[in-house]
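Trainee: Shown below is the structure under consideration.
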Amino acid sequence: MAVLTVDARADRRRAELAESALQTLSELGYARTSVRDIAQKSEYSHGVLHYYFKDKAELIAEAVRLYKTQCAQRYDGVIAASTTAEELLDGFCLKLVESLVEDANYHRLWYDFRVQGMYVEGYQDAVLQIDALLEDMIWRVVSRYAELAGREVGLPSVVIYGCLDGVFQKSLLDYLAGREGIGEALAATARGALPLFLAPA
């Protein structure tokens, strides 16, 4: 069994602490969560959290980065398994709605965090890094869809990401407000949008 270096052990502990913080952050949001709140809802002491993270900003940035890095791989299985454009479209829409329903609080945290990046200088690099990961995630889906459809992608990745992210954020707001049929509406919108991102045949 390999022995972890001091740095590797520290990195692992930071990841564990960030994972532990995610639940509290997703429930309370950025503004209402303190490091003390996170400590009270986890197995770790306030002192341990401050040992590994200098402040709330660093802890929250690491927690959101950890979740969204995992999230950015959500559609890779669909991309790898799909053999037709329709199959990829079905799989993408299914995963998109699954993500909305199962991870609503985590997505809410991400949007909260992204807005804070407009104000908190220490968050800007993390927000830009996560946005780039998510843009690349969507590009992998759409470019594979285009390939399976025998077409070219007709829009820049930033435009495609902006369109789908905007739709997802609006759907999340509706879902959190308790509106009915949001998952079905999101799937229908995504299904209709992907073909529009392709260049004319």
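Values quoted throughout were computed directly from the atomic coordinates according to the rules given, and no laboratory measurement underlies them. These numbers were taken from a predicted model, which means no experiment stands behind them. In this analysis, Cβ positions are derived from the backbone assuming ideal geometry, glycine residues included, and neighbour counts consider all displayed protein chains.
Trainee: Taking the stretch 135-155 only, how many residues are closer than 19 Å to A72 by Cβ and free of Cβ contacts under 8 Å to residues at least 24 places away in the same chain?
Mentor: Qualifying residue count for the region: 2.
Trainee: Taking the stretch 40-75, which residues are surrounded by fewer than 21 Cβ atoms within 10 Å (Cβ to Cβ), within 12 Å of the chain's Cα centre (by Cα) and of a type in the set (A, V, I, L, M, F, W, C)?
Mentor: Scanning the stretch 40-75 gives L66, C71, A72.
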